[in-house]
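Step one of this worksheet: look at the structure below.
What follows draws every value from the coordinates through simple rules; no lab data is involved. What you see is a predicted model, and the numbers here were worked out from it, not measured in a lab. Don't worry about glycine lacking a Cβ; one is built from the backbone with ideal geometry, like all the others, and counts go over all protein chains shown.
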There are 2 protein chains.
Amino acid sequence: MILGDLHGRPGDASPEPTAFLDEVAARYPDAVSFASGRPAERHFDLDAVHRYLRRFERYLADERGYTDEEIRRTLCQYGRVKGVMHELVARHLWQDVRVEADPEAVVVTAGCQEAIFLVLRALRADDRDVALAVSPTHAGFTGAARLVDMPVLPVAAGTAGVDLDELAAQVRAARRDGLRPRVCHVMPDFANPSGASMDLATRQALLDLAEREDILLLEDDPYGLFHSGGTKAPALKALDTRARVVYLGSFSATVLPGARVGYVLADQPVAGGSFADRLAEIKSMVTVNTSPIAQAVVGGKLLEHGCSLELATTGERQTYQRNLYQLVDGLHARFADDPDITWNTPAGGFFLVMTVPFEVDDELLEYSAREHGVLWTPMRHFYGDGGGNRQLRLSFSGVDSRGIEIGLDRLAAFLTDPAVRLGRPASLLPG
Amino acid sequence: MILGDLHGRPGDASPEPTAFLDEVAARYPDAVSFASGRPAERHFDLDAVHRYLRRFERYLADERGYTDEEIRRTLCQYGRVKGVMHELVARHLWQDVRVEADPEAVVVTAGCQEAIFLVLRALRADDRDVALAVSPTHAGFTGAARLVDMPVLPVAAGTAGVDLDELAAQVRAARRDGLRPRVCHVMPDFANPSGASMDLATRQALLDLAEREDILLLEDDPYGLFHSGGTKAPALKALDTRARVVYLGSFSATVLPGARVGYVLADQPVAGGSFADRLAEIKSMVTVNTSPIAQAVVGGKLLEHGCSLELATTGERQTYQRNLYQLVDGLHARFADDPDITWNTPAGGFFLVMTVPFEVDDELLEYSAREHGVLWTPMRHFYGDGGGNRQLRLSFSGVDSRGIEIGLDRLAAFLTDPAVRLGRPASLLPG
C-alpha cells in the first residue's frame, strides 16, 4: 500500500515533546502543569494586535515613505522572501543583543522552528554531514535534524554549559570517520531544557574552538531577555568576530506565539551573497515568505518600544522572575532536608531541572498526573543517548502564583509517595 | 570552508520562478508584467483584515462557546498543529468543492507551499521513492521535491491535461527499475503554467489509473474558483471514492497572499490515524503550527460569506474573467493573421501559453523588458526535460485593463521585432 512506508516518524522530538505529554495533559485538565514551556497568557492582548498592525502601517508610511498602495501591497501581496520587518529586527538586535546586523543577512521565518529547519536543510548536502548539539538538547533541533536525515552527535553540557573538550573530540572523531561535522547547536542563556547558562570565558573559548575546528555555532536564544537581574554575559553573536555564529531569534516568548514569527541572522559570506540568501532560496520552497500580516503584528510591538524588546517585556520579565523565585523558594522549603532531591537554580529563562533518587519516565508522569495532579517533563526526552533517567524538567513560565503553590504541594506529595520512592517500575504502581 | 558545500540549490524552481525573473522585473519597473502570477491588488483591503479578525473572534465566542480567555489563548498562544480553522475549511470544501471533509483530516499550513512540502517529505522515505508530475509543472512542486531529494518523473499533459498512457508507462517503468512511484502532481483546473483543464472522463480515468497502479494523486487547486462561467468538471477529490486524492487548497488568490494560509486534506487511513496526522507530525518540526492570527483573518472572510469562497470572490472572479477575455481578444486582434503565433484559451485561472516561431529564454526576456517594456515567463522553466523552448507563459491576474492593452501593444512590437523574429540567439540581439 502506497502509504505503508513513510519518512521516519519524528517521534517524540517535537519542539515541546511529546504527543504523549499533550495527551496526558488533555486527560488531566485539572493537573497543575510544570510541563508546558508556553509563555504566560496574562500578557496576551488581542486589542494590542490590532494596534500593532496599525503601528506597522504607520511605520511603512512615515519611515519608509510608502504610498497607501505600497502599504497594501506590502501587507497583503506575496513579498520579499527574507521578510518585511528585517530593518526592525536589525534595530532590535542592536538594542537588545548588541549585535550590529546587516538587515540583508536576516531571514524572517514562520517561527524560529522554520529557521532551525532551513539551516539544517542547507548544511545537510549529503550523508556525510552531521550536526552536534549540547545534550540535553532542545527537541525542535533534534526533530528538524531528523527531517533532513542528519545525525546529531551529543556533546555533554558539563558544568560550563558545554564540555569543550568533548566537543573538540566529537568533531575530530567524526572527521576521522569520514563525516563532516557542520554545526553545533547551543543555547548559551537559560537553555531549554536544562536552564543552564555559559559564562563569558566559556563563550570565548567556544568561539575559538569553532574557528579552530572549522564548524558553525547555531546560537538559539529564545529566552535571553528573561534574565533574573544581575549581569548576563553577551550573546555569542555579540562576541563573534569571525562569522562563526548563526543566530536564531524568536518572538514567541517576547511578543506572542500566535504570530509564528522568528528569524535567523546568517551573515556568513557564501558565493553570490550571504548564507541568509541561501536560506531564503530554501524558504521559498517551504513557506514562500513569512506572513507579512504576522510580521506587522510583531513589528508594531517593536515599534511601540523603540525596537527594544527589553523595554517591551518588562511585565513578562517580572512574571518569569517572580515565578522562578517562587518555585525555587518553594522547592527549598519542601525539599531542603532531603539529600536525595536536588535542583539547579537558573539565572532566568523558563526551566529548571530536578534530580530524584528514582527513574522517571512517561508512565511515572501519568501516575503523577492521575494520583497527584501535577505534570512535568521526563528529561530523558531531551537525550538522544539514554541520559536524564532520574531527572525531570519543571517549567515555570505558564503557571501563575497560586498554581505554583498548589503544584509544589502536589509535587511534594508525589515525590514522597512511598510507592514512587521505592523506585519500583511505574507499571507496578497502584492504579 | 564549512559553507563550501550546501544542499543542492533549488535553482530556478521557486513557486514563481525565478530569482532572475524577479531581478529583471526590478530592473525594469516600467515594464508591463505578464510574468507575475500574483493576485490582483485592487481587491486588497486592510480595513477588512481587522474586521475579519474580529469576525473570527465572534465565531469562537458564539459558535464554539469559548470564553474570552480561551479566545485569547486560541489566537495568541501555541496551539493545535493541524490548525484552528479546520471546521471552516471543511464547510468551505462542502460549499465550494462538494467534498465532504472530516475536519480532523485537514492540516492548515503556512501557505499551500508548506502543504506540498509536507506531503513530499512524508512520502520520501528513502532513495527509491519518486514522484510524478504533469509537465509542464508548477515550480513549487519541483522545488519542494528537490528539497527532499525526490526525483520527479515528467508526464506529458497531452491534449487531455494528462497523458494517461504515459503516466501508466512511467509508473511501470519506475517499478521495473526498483523505484517506488508514490504520487502524481496534477492541477486539473486552469493549471499553472499551462492554463489547461481536464474533462470529466479524464478525471475519472485518472482516478481509476491511480487505483490500478497504486499511486496517490496530489490535486493542487489554487484557481478552481476562477472559472470563466460555463460548467466546470468536479474536483478530483469530489469524485474520489477510494481515498486516492490528497487535496491541496490555497487562500492566496481567494483571500490574500499575505496571510500565508493554505491547507491539505489528507484523509487516507494510516496506522494510528489519517495521513493528515503524519503530515502534522512533520509540520510540528517545520513551522510548529500555522499562525492563528493569520488563520483568523482567512477564517473571518470565510465566515462573512457563509464559508463560500465562490460567494466571497465574485469581484475577483469578474476581474480575472475580464482580464482573460481582454487578453485573448487582444491577441486575436493582433496575431490572428500570423500562423506562426498561437495561444490557448483557458476556461479560467491566471495563465495562458503562447507558442512562437523562435526559441525563448531568459536572455530574450531581458531583451523584451529592455527594448519593448514587457515581461513574460519562458515556459522552459516549467519543464524538467528541455520542453517549452518556443513557448512563453502570459499571466493576466495582476495587470489591469489599461496595462493589458499597453502590454499587448508592446508584446506585438516584441514579437514582430525583426531582430527577434530572425530567431538569432538572444545574446546577439542589438543591445
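Let me confirm the definition first: pairs of Lys residues in the protein assembly as shown, 8 or more apart or on different chains, C-alpha distance under 30 Å. How many are there?
25
Given all pairs of different Cα atoms, what value in angstroms does the Kirkwood hydrodynamic radius of region B:222-325 take? Kindly include the intermediate steps, with their values, before the conclusion.
Working: mean 1/r = 0.0637 Å⁻¹.
Here the Kirkwood hydrodynamic radius works out to 15.7 Å.
Taking amide H atoms as placed 1.01 Å from N in the peptide plane, list the residues 5 or more away in sequence, or in a different chain, whose amide H sits under 5 Å from that of residue B:130.
It is B:180, B:182, by chain and number.
Out of region A:63-107, which GluC sites (Glu not before Pro) are coil in DSSP terms and have no more than 13 other C-beta atoms within 10 Å?
Passing sites in region A:63-107 are A:63, A:100.
List every residue whose amide H lies under 5 Å from the amide H of residue A:135, counting only residues 5 or more places away in sequence or on a different chain, with H placed 1.01 Å from N in the peptide plane.
For residue A:135, whose amide H was placed from the backbone, the distant partners under 5 Å are A:155, A:156, A:157.
Which helices pass in chain A if a helix is a full DSSP H run, must span at least 27 angstrom along its long axis by Cα, and must have mean Kyte-Doolittle hydropathy not below 1.0? List each step's numbers first, then the result.
Numbers: long enough: A:314-335 (31 Å, -1.01).
Within chain A not a single helix satisfies the rule.
In region B:129-219, which GluC sites (Glu not before Pro) fall in coil by DSSP and have 12 or fewer other Cβ atoms within 10 Å?
Hits after loop and neighbour filter: nothing returned.
For the protein assembly as shown, what log10 I(q)/I(0) values come out of the Debye formula at q = 0.08 1/Å, with one point per alpha carbon and no solvent?
Listed by q, the Debye log ratios stand at -0.71.
Which cross-chain or sequence-distant (5 or more) residues have an amide H under 5 Å from the amide H of residue B:417, H modelled 1.01 Å from N in plane?
For residue B:417, no residues qualify.
If you build the convex hull over the alpha carbons only and average its shadow over all orientations, what do you get for chain B? Give it in nm² to one decimal. Provide the component values of the computation, followed by the final result.
Values: hull surface 91.8 nm².
Computed as one quarter of the Cα hull surface, the answer is 22.9 nm².
Give the relative contact order (percent, whole number) for chain B; include only Cα pairs under 8 Å separated by 6+ residues.
24
If the label for residue A:128 sits 7 angstrom from Cα along the Cα-to-Cβ line, what are its distances to the same label in every other copy, in nm to one decimal, shortest first?
Residue A:128 label point versus its equivalents elsewhere: 2.8 nm.
Is there a simple number for the mean count of other chain Cβ atoms within 10 Å of the Cβ of residues in A:254-262, and what is it?
Numbers: counts 0, 1, 8, 8, 17, 6, 11, 2, 2.
Whole-number average of other-chain Cβ neighbours for A:254-262 is 6.
Give the nm distances, rounded to one decimal, from residue B:345 to the matching residue in every other copy, measuring between label points 7 Å along Cα toward the beta carbon; shortest first.
Shortest to longest, the spacings are 8.2 nm.
Let me have the relative contact order for region A:102-231, percent, based on Cα pairs under 8 Å that are six or more residues apart.
Averaging sequence separation for qualifying contacts and normalising by length gives 23 percent for region A:102-231.
What is the spread of the Cα atoms of region B:311-417 along each of their three principal axes, largest first, in whole Å?
Its Cα atoms span 42, 31, 27 Å along the three principal axes.
Mind putting a number on the dipole of region A:191-341 about its Cα centre? Charges go on the C-beta only, +1 for Lys and Arg and -1 for Asp and Glu, and I need it in Debye to the nearest 20. Provide the component values of the computation, followed by the final result.
Numbers: 13 positive and 19 negative charges, 95 e Å.
For this selection, approximately 460 debye.
Just want the answer: with Cβ charges of +1 for Lys and Arg and -1 for Asp and Glu, which residue in A:325, B:173, B:262 is farthest toward the dipole's positive end in the protein assembly as shown?
A:325
What is the distance in Å between the Cα centres of region A:257-333 and region B:283-320?
26
Please report, in debye to the nearest 20, how large the charge dipole of region B:362-407 is about its Cα centre when each Lys and Arg carries +1 at its beta carbon and each Asp and Glu carries -1 there. All intermediate terms of the calculation are to be shown ahead of the outcome.
Values: 5 positive and 7 negative charges, 24 e Å.
The calculated dipole for region B:362-407 is roughly 120 debye.
Which order, highest average first, do B:253-263, A:116-126, A:262-272 follow once you tally other Cβ atoms within 10 Å for each residue and take the mean per peptide?
Packing order, densest peptide first, comes out as B:253-263, A:116-126, A:262-272.
Please state the charge dipole magnitude for the protein assembly as shown, taken about the Cα centre, from unit charges on C-beta atoms (+1 on K and R, -1 on D and E), reported in debye and rounded to the nearest 20.
Computed about the Cα centre, the dipole is about 220 debye.
Looking only at other chains, what is the average number of their beta-carbon atoms within 10 angstrom of each beta-carbon in A:293-299?
On the way: counts 13, 10, 2, 4, 4, 0, 0.
For peptide A:293-299, the averaged partner shielding equals 5.
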